[in-house]
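A quick write-up on the structure given underneath.
The values are calculated or read from the model by the stated rules, or taken from the named source; none is laboratory data. Here the structure is a predicted model, which means the values were calculated and not measured. Cβ coordinates were reconstructed from backbone atoms using ideal geometry, including for glycine residues, and neighbour counts include every protein chain displayed.
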Amino acid sequence: MTVGGRFLSRLVTMLVALVGLVVVGAVPAVAESNSRTVQYVALGDSYAAGQGGGDYLNKCLESPNGYPYLLDAEKRIHLRTNVACTGASTEEVAKTQLSALNRGTRLVTLTVGAADLNLSGVLTACTAVPPTGCEDAIRAALVQLPTLAVNLTSLYLSVAAAAPNALIVVTGYPHLFEIVPGDPSAALKVQINNAITLLNTTIQQSVAAADQATDVKIIYVGVTDEFAGHGIGSQEPFINSQGEGAYHPNAAGYRAYADAIFAAVRSASLDDKKQGA
């Protein structure tokens, strides 16, 4: 059985038990009236904090160029707080960030999961010259996917319980590398991009499981299309290749994130208005 097949089989078994423990919350009031400001809280890891965007505000590498602040600039969205922090895992988000949520929170964004798979360690192994233990590092990360699926679903349900009136937007991760013909490292870069696809699939399926288990609306927003043609090695990369922000979006990349999230928020609000009509 493939990694994906084992993941799906185990996920179904574990989620059946998990769903039985869920306390259903209030129906989320996602669509605010035009005269009200949507109170927004950002949760997650380095991608949510804005690492790679520069002009850092604190030790978590929170950047004013990250997608939370770009969303804050949109009409009627007010970023009440960004508690995301570089290196945060699902466990750390659950333990240290959920206190920022309350019943007044109307929008939550969350990017997390890469740290649980030690993606930074994988990249270190795979981009070394010569690459050392790259395939072993990728395999070790993928073995963690079933556990990550359960942890993500549990986290999403905890977010829903803490912010029962919110729209919860969970994002995926972009493919890091542009595959250029003739690149001697192309095979390894393809493996890394494929591993990110499996991570995104895990996140998306966990969102679907959590959304079915609660009345709070939880949606998944992928960004691979927005970053297509803009990976490391492209003529116009949306991802940093060097420095403190290596393998994280640059300012253009975070704009792509913000655009994708904002489009999803608008779509979700319109859907709610149609259902209430």
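Descriptive notes on the structure:
- Just one of the numbered conditions (1) polar (S, T, N, Q); (2) surrounded by fewer than 23 Cβ atoms within 10 Å (Cβ to Cβ); (3) touching a helix residue (DSSP H, G or I) at 6+ places or on another chain (Cβ under 7 Å); (4) within 21 Å of Asn118 (Cα to Cα) is not true of Asn193: (3).
- Tally of residues being surrounded by fewer than 18 Cβ atoms within 10 Å (Cβ to Cβ) and either at pLDDT 95 or above or in contact with a Gly (Cβ under 7 Å, 6 or more places away or on another chain) (or both) across region 236-245: 1
- Screening region 209-231 for residues that are over 14 Å from the mean Cα position of the chain (by Cα), within 23 Å of Val159 (Cβ to Cβ) and of a type in the set (A, V, I, L, M) and picking the one that is surrounded by the fewest Cβ atoms within 10 Å (Cβ to Cβ) gives Ala213.
- Residues satisfying the stated conditions in region 165-187, i.e. closer than 21 Å to Gln205 by Cα and either in a strand (DSSP E or B) or touching an Asp or Glu at 6+ places or on another chain (Cβ under 9 Å) (or both): Leu167, Ile168, Val169, Val170, Thr171, Pro174
- The residue that is surrounded by the fewest Cβ atoms within 10 Å (Cβ to Cβ), counting only those in region 123-158 that are touching a residue at least 60 places away in the same chain (Cβ under 8 Å) and of a type in the set (Gly, Ala, Ser), is Ser158.
- Residues located in region 101-119, provided they are surrounded by fewer than 18 Cβ atoms within 10 Å (Cβ to Cβ), of a type outside the set (D, E, K, R) and within 23 Å of Ala268 (Cα to Cα): Asn102, Gly104
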